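Just so you know, all these numbers are worked out from the coordinates, no wet-lab data involved. In this text the structure is predicted, and so the values were computed from the model without any measurement. Cβ sites come from the backbone with ideal geometry, for glycine too, and all protein chains shown count toward neighbours.
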Amino acid sequence: MPDALAVTGLSKRYGATHALCGVDLAVGEGELVGLLGPNGAGKSTLVKIACGLVRPTGGTAEVCGAPAGTAAARGSLGYLAELFRFPGWASADELLGLHQRLAGSGGGAGERAELLELVGLTEARDRRIETMSKGMQQRLGIAQALVGQPPLLLLDEPTSALDPAGRRTVRGLLVELRRRGVAVLLNTHLLSEVEQVCDRVAIIDRGLLVAEGRPQDLARPHGVEVETASGTRAFPAASREDVPAIVERLVRAGERVYEVRLVRSTLEDAYLAAVDTAEAPAGDDRTAA
């Protein structure tokens with residue numbers, strides 16, 4: 001099976017502006033990948049190319065083995081923009097019916113009912129969109145992206161405007177989609193969301209892929225801390241393997257040990273380090289979109 005999304009050597013220039021500079025990225029079947037980066041890093045350009053809305057200057061982008069922008073690729077993905085707008089007069093069921101016609105889905109009422117149940121909006125089937133909360137509209141947006149059962153979802157900031165309860169609901173929905181084998185590329189600024197639900201993280205800065213890996217692997221160890229009767233003792237250069245010797249040494253010195261913990265950097269630390277150390281080539285006036 002080809003990857004749900006495969007990007008190879010992807011570049012995009014707008015005149016003298018480099019939005020993407022040879023990015024390689026893959027999202028496997030049923031994988032949830034977080035796409036991180038500062039404003040203007042090139043994230044939106046990558047997503048637009050995957051959707052077929054923008055043509056790359058160089059490299060390739062494929063959706064389930066089909067070139068991005070082709071009918072086969074468009075039929076294999078669902079997309080929810082950050083600033084989406086639905087007609088307020090329409091009901092949830094009417095909106096999904098509209099998107100079924102646009103997507104050429106023959107799922108009918110059964111598909112609409114299943115999608116509304118998946119996102120927890122069964123009781124709002126006939127409710128007008130303009131009367132729904134932001135969280136309900138966000139979940140309805142994910143439902144419309146799933147019309148036609150696409151194997152890949154591209155989600156742009158799906159939780160940024162939600163309260164904690166709404167974000168938790170969407171996180172649970174993302175986990176359920178992964179369980180069903182749906183691949184998701186999650187474009188977000190909320191690092192806490194990525195840490196909780198994503199299998200992998202890709203960090204883009206100034207059009208370059210500057211870091212990639214599992215959230216727990218990007219966070220680096222920063223020594224050992226030991227709580228003793230005389231206070232906290234820090235051993236910045238120590239690793240997990242050094243813990244028994246450290247505790248033994250402290251006890252022999254007469255210390256009473258209450259707690260030992262490994263200190264690790266957070267994903268935020270890894271993100272800031274990757275962005276701070278990424279440097280554009282000399283003489284390159286790069287401004288990403």
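Per residue, the convex hull spanned by the Cα atoms of the range 221-264 amounts to 56 cubic angstrom.
Here the range 106-260 has an Rg and Dmax of 23.2, 75 Å, counting Cα atoms alone. A Stokes-Einstein calculation at 37 °C with viscosity 0.692 mPa s, built on the Kirkwood radius of the range 168-262 over Cα pairs, returns a diffusion coefficient of 197 µm²/s. For K134, the lysines whose Cα falls under 26 Å of its own Cα, not counting residues fewer than eight places away in the same chain, are K43, K48.
Output the relative contact order of the range 221-264, whole-number percent, from Cα pairs under 8 angstrom with separation of 6+ residues. If you can, show how the numbers build up before the last one.
Values: 69 pairs, mean separation 23.8, N = 44.
Relative contact order of the range 221-264: 54 percent.
Just to confirm the filter: which GluC sites (Glu not before Pro) across the range 1-75 are DSSP coil and have at most 16 other Cβ within 10 angstrom of their Cβ? For GluC sites (Glu not before Pro) across the range 1-75 that sit outside H, G, I, E and B with at most 16 neighbouring Cβ atoms in 10 Å, the list reads E29. Each principal axis of the range 2-81 carries a Cα extent, and these read 34, 24, 23 Å when sorted largest first.
Computed over the range 1-160, the convex hull of the alpha-carbon atoms projects to a mean area of 9.8 nm².
For the range 148-192, the fraction of C-alpha pairs more than 11 angstrom apart is 68%. Measuring nothing but how far apart in sequence close Cα pairs (under 8 Å, 6+ apart) lie, relative to its length, the chain scores a relative contact order of 23 percent.
Shape index of the range 128-219: Rg/Rh, with Rg the Cα radius of gyration and Rh the Kirkwood radius from the inverse mean 1/r over Cα pairs, equals 0.99. Computed extension length for R180-R55: 41.9 nm, one decimal, from 0.36 nm per residue of separation with the Cα-Cα distance subtracted.
The fraction of Cα-Cα pairs per 10 angstrom bin, counted from 0 for the chain, comes to 6, 24, 28, 20, 12, 7, 3, 0 percent, rounded to whole percents. Going by neighbour counts of Cβ atoms within 10 Å, the residues Y271, Y258 line up, fewest first, as Y258, Y271. Across the alpha-carbon atoms of the range 43-128, the computed radius of gyration and Dmax are 15.5, 47 angstrom.
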